[in-house]
1. Here are some residues: LEU108, LEU89, LEU80. Which one is in contact (Cβ under 8 Å) with a residue 12 or more places away in the chain, open to solvent by 30 Å² or more (accessible area, probe 1.4 Å) and farther than 30 Å from HIS46 by Cα?
2. Just one of SER72, SER102, SER172, SER142 is within 21 Å of PRO34 (Cβ to Cβ) and either open to solvent by 40 Å² or more (accessible area, probe 1.4 Å) or small (Gly, Ala, Ser) (or both); which is it?
3. Among the residues of region 75-95, what is the count of those that are touching a Leu at 6+ places or on another chain (Cβ under 9 Å) and over 15 Å from ARG141 (Cβ atoms)?
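The values are calculated or read from the model by the stated rules, or taken from the named source; none is laboratory data. Not measured: the values here are computed from a predicted model. All Cβ positions, glycine included, derive from the backbone under ideal geometry; neighbour counts span all protein chains shown. With ligands, DNA and RNA removed, areas are computed over all heavy atoms of the protein, side chains included. Shrake-Rupley method; radii C 1.70, N 1.55, O 1.52, S 1.80 Å.
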Amino acid sequence: MSTQHLTSVARSDRPRPAYRFPATWPQGLGDLVPRRALSSTLSVHHMPFISRIAYVGMLAMSGLMLIFLLPSFLIYLTGLNTITQVAGLGPGIVGLLVVMASSALGILQIALVLKVPERLEWVRLLLTVLLAISTLEAVLRSWAYPSVIGMGLRWDLGIMAVMVLLLWLPSSNRWFTSR
């Protein structure tokens, strides 16, 4: 049996996958800094309509998260002494580390949202991964440290999930993957 038949099949006959991994990735922390001026953050006329909705929605949710992140962190810091006296030093330090990780995720989310109009594929992939990590962190935090501040459904994560999903719809996908 000859192997010539197997090698003569044209590879271009295969359908392209609907998604491919990004060709470029960030090389350092400098790549996370938005290249656009802060005054042009709402200038989205070059984006498809669905991507505009996702961008403005994520920008609004990131702003709200920033507004509520600082007081939450300060409230935890003021209660840290009480937590360590009641539960011990270990749970107090673990809780502080969790709040600091949540703050770091929030800052990274804001930086990535501001990079969306630059049409970088890795930005929406990292936003998706960040959403999954934030959801896992929220579930673990509410399980390990139930408190009055963090009780209830995290509506911000639900809205962010819808906005990130909009970035994966076909019109947005064509915009992100076009050269």
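1. On the way: LEU108 fails: farther than 30 Å from HIS46 by Cα; LEU89 fails: in contact (Cβ under 8 Å) with a residue 12 or more places away in the chain.
LEU80 is the lone residue from the list that is in contact (Cβ under 8 Å) with a residue 12 or more places away in the chain, open to solvent by 30 Å² or more (accessible area, probe 1.4 Å) and farther than 30 Å from HIS46 by Cα.
2. Working: SER72 fails: within 21 Å of PRO34 (Cβ to Cβ); SER102 fails: within 21 Å of PRO34 (Cβ to Cβ); SER142 fails: within 21 Å of PRO34 (Cβ to Cβ).
Going through SER72, SER102, SER172, SER142 in turn, just one is within 21 Å of PRO34 (Cβ to Cβ) and either open to solvent by 40 Å² or more (accessible area, probe 1.4 Å) or small (Gly, Ala, Ser) (or both): SER172.
3. Selection size over region 75-95: 2.
This table checks each residue for (1) farther than 18 Å from ARG154 by Cα; (2) out of contact with any helix residue (DSSP H, G or I) (no Cβ under 8 Å at 6 or more places or on another chain).
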{"residue": "ILE50", "(1), (2)": "yes, no"}
{"residue": "LEU59", "(1), (2)": "no, no"}
{"residue": "GLY95", "(1), (2)": "yes, no"}
{"residue": "SER103", "(1), (2)": "no, no"}
{"residue": "ALA132", "(1), (2)": "no, yes"}
